[in-house]
Amino acid sequence: MERTLHMLLYRALHAQRSALRPYLEELGLGTGQPKVLGYLSRNGASGQRQLADYYEIDPAAVCRMLDSLEKGGFVIRRPDDQDKRRGLVELTDVGRAAYDRWQTHCREVEETMLTGFTTEERENFVDYLARAYRNLKAEGGRQA
């Protein structure tokens, strides 16, 4: 197996996605939708722009995700009481239950992925990935 960091990260991400894909189907969710449910679970009712900015994705893509999530009963949209021009997205009980089940599956896959890692190695791994992300974000800001 190729041992470049780029390929190892790619292969690990691909393997993780493949392991989680059946659970998406089981829950009736599409790719990228669990992260929206997670954001709403942690932050409460939010605007579409907030979701797009946080996940660094196109607002139109968020809109399509929200349309699908709303049809599935995972979220509802309502007007913002503070600003009538803006809508808010809120998690439903169905959405909260689906997200909780998704998190359980993620923890199971994570446990499999990190089998044989010590607690210290797991903490270091999380730290390394977070630092790599911050480095790339800082570098991307300089290139723009």
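Okay, here's what the table says:
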{"quantity": "Of all residues making up the stretch 1-30, the number that are within 27 Å of LYS71 (Cα to Cα) and of a type in the set (A, V, I, L, M)", "calculated": "5"}
{"quantity": "Set GLU123, GLU110: member being under 19 Å from the mean Cα position of the chain (by Cα), of a type in the set (D, E, K, R) and surrounded by 11 or more Cβ atoms within 10 Å (Cβ to Cβ)", "calculated": "GLU110"}
{"quantity": "Set ALA61, ALA130, ALA138, ALA97: member being in a helix (DSSP H, G or I), among the aliphatic types (A, V, I, L, M) and more than 17 Å from the chain's Cα centre (by Cα)", "calculated": "ALA138"}
{"quantity": "Selected residue (criterion: farthest from GLU110 (Cα to Cα)) from residues of the stretch 9-42 that are out of contact with any Leu (no Cβ under 9 Å at 6 or more places or on another chain) and of a type in the set (Ser, Thr, Tyr)", "calculated": "TYR10"}
{"quantity": "Some residue of the stretch 62-81 being in contact with a strand residue (DSSP E or B) (Cβ under 6 Å, 6 or more places away or on another chain), under 29 Å from ALA12 (Cβ atoms), in contact (Cβ under 8 Å) with a residue 40 or more places away in the chain and not aliphatic (A, V, I, L, M)", "calculated": "no"}
{"quantity": "Unique match (being in the same structural domain as ARG11 (by TED's automatic domain parsing) and loosely packed, with under 11 Cβ neighbours inside 10 Å) among ARG134, ARG85", "calculated": "ARG85"}
{"quantity": "Residues that are among the acidic types (Asp, Glu) and touching a strand residue (DSSP E or B) at 6+ places or on another chain (Cβ under 9 Å), drawn from the stretch 86-140", "calculated": "GLU90"}
{"quantity": "Filter result for ARG77 (surrounded by 13 or more Cβ atoms within 10 Å (Cβ to Cβ), farther than 28 Å from GLU108 by Cα and at pLDDT 95 or above)", "calculated": "yes"}
{"quantity": "Any hit, the stretch 95-103, residues being in the same structural domain as LEU51 (by TED's automatic domain parsing), surrounded by fewer than 10 Cβ atoms within 10 Å (Cβ to Cβ), over 21 Å from ARG64 (Cα atoms) and charged (D, E, K, R)", "calculated": "no"}
{"quantity": "For THR31: the one exception among (1) of a type in the set (S, T, N, Q); (2) in a helix (DSSP H, G or I); (3) within 23 Å of MET113 (Cβ to Cβ)", "calculated": "(2)"}
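The values are calculated or read from the model by the stated rules, or taken from the named source; none is laboratory data. For clarity, every value in this text was computed on a predicted model and none was experimentally measured. Here Cβ is always computed from backbone atoms with ideal geometry, including for glycine, and neighbour counts include all displayed protein chains.
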